[in-house]
Structures are given as structure tokens and as C-alpha cells.
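The values are calculated or read from the model by the stated rules, or taken from the named source; none is laboratory data. All values reported here derive from a predicted model rather than from experimental measurement. So basically every Cβ, Gly included, is an ideal-geometry build from the backbone, and we count neighbours across all protein chains shown.
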């Protein structure tokens, strides 16, 4: 029956069953997975910190204890039934570990890990932390269960496809992907995808929202969805870190994340915008950005928050002109956006 918990026969090799939750009136199951370099596999041991890769390793919160170790990702993937009773992916949360196999020592942020299970169960989708090889490995996991991708929640599909464009190929032939323009769902904002990154579609606070990227450099603004995943034109080939001194002599670059959603009559308009600053030393190929703060910018924009105070007057004008260039979205822009730029 549609009311039953989804039955996912995944990751049980370690003897641990998927976790079950009742969230916002839905029955949700969560399974675990591991991405170790280019290898990926389901492993529910992640749910209890008992995955195969963690066996025999002593973990602690001190980063230095496994600095020489390899990076391993733990994944929490949730699934739920759609209105027709079909089972599909709902959310995914990602946690990073460092494991020194020789010393049998490891590092993980225990407090952050404790929230991942709930994040996934609630339908949160966070895949921006993955590096290129890890994204390809994650794609293989999804390809192993095509039915779950076909019936995945729209927010899951669109957010994953925005980060991993190849994921969109799994949707070819799907009737929902071929549907024409609609007055419901995330607005279609076809901008900034020249670099291969599509706009992100999210579901937040009961709204379907589309987030696009704007790159602000030398007082000019241009569409670039690469800023959503750290792959904008300005960021290509740059090694970023959290130490401000590494790019003190570099140029200031801003990433603006702008969101659009629909009014009650179905008409889409600009809804929110957030700004993240970077420093880039092109000569040294080094840059600085606050990765922790940047990770929250997409959610801020998706929730309708508007913050342009970080922009200089000429930068704010350039961003405003770019948003106005989409006359349809500007005409129906929400008041908080219009008032911030007028």
C-alpha cells in the first residue's frame, strides 16, 4: 500500500537495516552509502558508524590525527513514495571522514554527522561537497537503481542534475522531463548554463524555487551557474582555502545566487538573492573563500532572503541590470527584491 514504508533492499551486507522515519506526514526510509575515491557502494553501517571502511578505525574530532589519511565520504540517502505510491529518492546528506589505514586512526565531525540522518529524512539535498571523481561515483550509485531516480522527488532530481549534469541523461524519455511549460513547479530560468551547470531547483518552505548564478568581477555581472557548485569561469584552475592570507594580493570576486519562484497565480518572479565573496590571485592560482558560509548561500536565496549589502554600488547596479534583463521575472519580482535594487 502507498502508506507503507518503502522497502529498499540496499546496504544490508553489514547486518544493519535501513532506518525508518515518519516526517511531515510521510513514511521515509534512509539507507547508507560510502564513496571511497572512485569506488561507491551502499552500506547501512554508515547509519550507526559501523560501515566496512570504518571497521577497526579509532575516530576522534582532532583533524590532525588523520591528516595523512585518505578522504572518504559517508552518504545518507532517503526515499519515500510519491502520490502514486511509487518509491523514489527524496534526500541525501554527505559527511566527510579522513582515514589513515596504516595508523588505524580517523577524523570525523561527530556533531555534524549526528544531524545527517535527519537532514536526509527531511528531504534535504546536499551534494556540493563532492569532488569530480566522487560525483561520478555517486552517479554510478544512482544508475544502479534507475527506478528510484525515475520516481525521485523533483527537488532531488533537479539539485543533483545541477551539480552532476550527466544525471539528467537518466531522465531522458521520462514523461515528466518532456512536459511542456507549466504554471506549477520550479520556474524555468534558462540562463548561465553555458559551462554545463544547470539552474538548481529546490523545494523549501512549501515553495518550488529555481536558483541561478551570477558572477561579479571588475564591476561587471554575467550569468554563470558554475558559482552554484564552485565551477564558475573565475574559479577554474584555482586552489581555494579558508586562509585569508593566501590571496591577499588577489582580486575581489563575488558570486550572487538569485532565486525565482511563483506567485499564487502561477506567474514566476525574482524572489531572493545572496552574495558570497572570494579573493582570487590568478598569478598564483590560489584563492580564498569561506566555504562554510558559502554553503548556506543557496538556502538563503531559496528562502527569499535578499542581501546586496556586500556589493559595491557599481556591482549592485550591474546585478540589478542583469536581473532586469529578464523582463518577465523582473515584472513579477517580489517586493523585497525590487526595493533592494531601486
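Picking from 92, 72, 63, 125, which residue would you name as being surrounded by fewer than 17 Cβ atoms within 10 Å (Cβ to Cβ) and either more than 29 Å from residue 158 (Cβ to Cβ) or modelled with pLDDT of 85 or more (or both)? Exactly one of 92, 72, 63, 125 is surrounded by fewer than 17 Cβ atoms within 10 Å (Cβ to Cβ) and either more than 29 Å from residue 158 (Cβ to Cβ) or modelled with pLDDT of 85 or more (or both), namely 63. Among the residues of segment 243-254, is any in the same structural domain as residue 302 (by TED's automatic domain parsing), surrounded by 19 or more Cβ atoms within 10 Å (Cβ to Cβ), touching a helix residue (DSSP H, G or I) at 6+ places or on another chain (Cβ under 7 Å) and in a strand (DSSP E or B)? Yes: one or more hits.
Conditions tested, residue by residue: (1) modelled with pLDDT under 95; (2) surrounded by fewer than 21 Cβ atoms within 10 Å (Cβ to Cβ); (3) in contact with a strand residue (DSSP E or B) (Cβ under 9 Å, 6 or more places away or on another chain); (4) assigned to a strand (DSSP E or B).
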residue: 264; (1), (2), (3), (4): yes, yes, no, no
residue: 283; (1), (2), (3), (4): yes, yes, no, no
residue: 287; (1), (2), (3), (4): yes, no, yes, yes
residue: 298; (1), (2), (3), (4): yes, no, yes, no
residue: 308; (1), (2), (3), (4): yes, yes, yes, no
residue: 315; (1), (2), (3), (4): no, no, yes, no
residue: 321; (1), (2), (3), (4): no, yes, yes, no
residue: 328; (1), (2), (3), (4): yes, yes, yes, no
residue: 340; (1), (2), (3), (4): yes, yes, yes, no
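I'm trying to understand the selection: among the residues of segment 128-141, which are crowded, with 22+ Cβ neighbours inside 10 Å and free of Cβ contacts under 8 Å to residues at least 60 places away in the same chain? Passing the criteria: none in range.
For segment 94-140, a tally of residues being more than 19 Å from residue 211 (Cβ to Cβ) and part of a strand (DSSP E or B) returns 10. When residue 239 is tested against (1) outside the structural domain of residue 288 (by TED's automatic domain parsing); (2) farther than 27 Å from residue 325 by Cα; (3) modelled with pLDDT of 85 or more, exactly one condition is not met: (1). The set of residues in segment 24-45 being closer than 22 Å to residue 103 by Cα, outside any strand (DSSP E or B) and under 20 Å from the mean Cα position of the chain (by Cα) consists of 37 alone.
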